[in-house]
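Notes follow the structure.
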Amino acid sequence: MSIKLTWLGHSAFNLEIDGHAVVVDPFLTGNPLAPFAADAIHPELILLSHAHGDHLGDTVSIAKRTGAGVVSNFEICSWLQKQGVAATHGQNSGGIGDYDFMTVKSTIAFHSSSFSDGSYGGSPGGFIVTAAASGLRMYYAGDTALFSDMQLYGDEGIDVAFLPIGDFFTMGPADSLRAIQFIRPRYVVPMHYNTFPPIVQDVSHWAQRVTNETNATPIVLDPGGSFTVE
Ligand code: NI
Ligand code: MN
């Protein structure tokens, strides 16, 4: 029993959770770091943190092609239904959904959430995913600033944290170190960096600081690269 995570560039990840395929924020088309096209993904479930195009990405086409359900907020799920996505799970902040092989808690994020036409995309969020069989737990922060209630997520026993480090649109490297100290994960995976010029970061330097200043192990992946947590 394990979780295999594969970085698809930006904030997109394939997760193999105790043998079940999940994709998070599947932005592949138009993502300069994407290692392959959206057609190569075959998830059972899609997790979507907020409505911005660099997260919503290929959600509609993947969901329609595969029949995968989408776990997101109520407003995004209502919008997806209008696009013809049948299976949606519109949670809201603090709520937990049970999807058999995992539970998903919707967490808060300090950010914004709108569709490309400017319409309201509900509250932006993140997820705490708990694998049913292995008990492994992940915190995917989504796009967010640092906030002190991350300490409460740390109390839940996080094995892997996914944190934005790109700065400008989200927290940057320095605040991500504070976040790691709050969340206390075994492993931390950086995201939302190097995709576009405003969010270019020296990830090696970040990883060195994580090693020196926190108890977490940094997992820096190349696009398409994988790491398995047991
Ligand atoms: Ni965003
Ligand atoms: Mn973003």
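The values are calculated or read from the model by the stated rules, or taken from the named source; none is laboratory data. Because the structure is predicted, anything quoted here is derived from the model rather than measured. All Cβ positions, even for glycine, are placed from backbone atoms using ideal geometry, and neighbour counts span all protein chains on display. Accessible surface is based on the protein model in full, side chains and every heavy atom, while ligands, DNA and RNA are left aside. Shrake-Rupley method; radii C 1.70, N 1.55, O 1.52, S 1.80 Å.
Examine segment 18-33 for a residue that is open to solvent by 20 Å² or more (accessible area, probe 1.4 Å), part of a strand (DSSP E or B) and either farther than 23 Å from VAL200 by Cα or without any contact (Cβ under 8 Å) to a residue 24 or more places away in the chain (or both), and state whether such a residue exists.
Within segment 18-33, one or more residues are open to solvent by 20 Å² or more (accessible area, probe 1.4 Å), part of a strand (DSSP E or B) and either farther than 23 Å from VAL200 by Cα or without any contact (Cβ under 8 Å) to a residue 24 or more places away in the chain (or both).
Residues that are within 16 Å of ligand 1 (Cβ to nearest atom): list the strands (runs of 3 or more DSSP E) wholly contained in segment 121-182 that include at least 2 such residues.
125-131, 160-164
Kindly list the number of the only condition in (1) more than 16 Å from ligand 1 (Cβ to nearest atom); (2) part of a strand (DSSP E or B) that fails for SER72.
Going through (1) more than 16 Å from ligand 1 (Cβ to nearest atom); (2) part of a strand (DSSP E or B) one by one, SER72 breaks only (1).
Got a number for residues in segment 76-86 being in contact with a strand residue (DSSP E or B) (Cβ under 9 Å, 6 or more places away or on another chain) and surrounded by fewer than 16 Cβ atoms within 10 Å (Cβ to Cβ)?
Number of matching residues: 3.
So which residues in segment 170-187 are over 15 Å from VAL220 (Cβ atoms), open to solvent by 10 Å² or more (accessible area, probe 1.4 Å), in contact (Cβ under 8 Å) with a residue 40 or more places away in the chain and of a type outside the set (Lys, Arg), if there are any at all?
Within segment 170-187, THR170 is the sole residue that qualifies.
Within segment 5-21, how many residues turn out to be within 16 Å of ligand 2 (Cβ to nearest atom) and either more than 24 Å from ILE96 (Cβ to Cβ) or out of contact with any Leu (no Cβ under 9 Å at 6 or more places or on another chain) (or both)?
Counting residues in segment 5-21 that are within 16 Å of ligand 2 (Cβ to nearest atom) and either more than 24 Å from ILE96 (Cβ to Cβ) or out of contact with any Leu (no Cβ under 9 Å at 6 or more places or on another chain) (or both) gives 5.
Considering segment 91-142 alone, what residues qualify as being hydrophobic (A, V, I, L, M, F, W, C), touching a Pro at 6+ places or on another chain (Cβ under 9 Å) and open to solvent by 30 Å² or more (accessible area, probe 1.4 Å)?
Hits for segment 91-142 are ILE108, PHE110.
Can you name the residue in segment 22-54 that is out of contact with any strand residue (DSSP E or B) (no Cβ under 8 Å at 6 or more places or on another chain) and among the acidic types (Asp, Glu) and is also nearest to ligand 2 (Cβ to nearest atom) among such residues?
Only one residue fits best here, namely ASP54.
Give the residues of segment 57-75 that are within 16 Å of ligand 2 (Cβ to nearest atom) and either farther than 15 Å from LEU8 by Cβ or surrounded by fewer than 24 Cβ atoms within 10 Å (Cβ to Cβ) (or both), sorted by residue number.
ASP58, SER72, ASN73
Working only within segment 34-57, note down all residues that are assigned to a loop (DSSP other than H, G, I, E, B) and either over 27 Å from PHE169 (Cβ atoms) or within 16 Å of ligand 1 (Cβ to nearest atom) (or both).
Within segment 34-57, HIS42, GLU44, LEU48, SER49, HIS50, ALA51, HIS52, GLY57 meet the criteria.
Can you tell me how many residues within segment 75-103 are under 18 Å from ALA21 (Cα atoms) and among the small types (Gly, Ala, Ser)?
Total meeting the criteria: 2.
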